[in-house]
Every structure is written in C-alpha cells, then in structure tokens.
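Undergrad: Mind having a look at this structure? Questions to follow.
Quick note: the coordinates plus some simple rules give every number you see, no bench work behind them. Everything numeric in this text was worked out from a predicted model, so none of it was measured. No Cβ is skipped: glycine too gets one built from the backbone with ideal geometry, and neighbour counts run over all protein chains shown.
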Amino acid sequence: MYYDAITRHGFTGRIMLRTLTVTGASLMLVACAGPPYGDYGAASDQERHELTGTIVSIDPQERAWYVDHKEIPGYMDAMVMAFPVPEKYWTDDLAVDQNIGAIMVADDEGYWLEDVEILAD
Ligand SMILES: [Cu+2]
C-alpha cells in the first residue's frame, strides 16, 4: 500500500511514507509503553523497586504519569515510560519537570507507582 503511494505519487508519496513510518513508530512506542490496565495488586507475586525520575507528562484521563526514570539496578535501564497510578496514590500536586521518588510495583498483570513524593531538584 505504501509502495503504491510512492510509485503513483513519486516524491510526495515518499515524504508521506516517511511521515507514516515515523508516526507508526511513535504509536508503537506509546502502545508498548502504555499503562497496563487491570486490577492493581490482584496477583500475589509482587516485586517492589525504588524509583526516581522526572515527570515528563501527566495524563489525568488515563491516570498515568510519564516518567523519565533513572536506572533501577538489576531490573530496568533508565528510560521514559508511562506508569499507571492507582487512584489511591494519585495526586494533582505533581507537575512536569518535577523530580519524584516512588515505589514501582510489578506483578504478572502489569506495573504501577505507589507512594510518590516530590524530591528537591
Ligand atoms: Cu522503565
């Protein structure tokens, strides 16, 4: 389909293809990093890790924070990812660029943040 666009529309098609590819990649990234929904804490095999990072964006609709988090040694590299936050731990006091500390909890169903605190710069 994309190939057809190139042959029929030449240069314009090629630009369009490039745009589509970039958009596709971004969408995939969001999909992969998206908050896993489910019952928080329903599974029994929880892992807990201390996490520090910086708030990149806030999505009240999905009740998720996108955090540029530091490495969690032996568990996860530093990266930007979305963390769902159970209602109980959600706060409207956070803002983009704030540094936070939190506990990342993970189980078979997904992962989320608890006990978020704002850290000094
Ligand atoms: Cu991560």
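Undergrad: Return the equivalent ellipsoid semi-axes of region 46-117 as a descending list in whole Å, where each equals the square root of 5 times an eigenvalue of the C-alpha gyration tensor.
TA: After diagonalising the Cα gyration tensor, the semi-axes are 17, 14, 10 Å.
Undergrad: Within 15 Å, Cβ to Cβ, of Asp92, how many net charges do the neighbouring residues add up to if Lys/Arg are +1 and Asp/Glu are -1?
TA: Residues close to Asp92 contribute a combined charge of -3.
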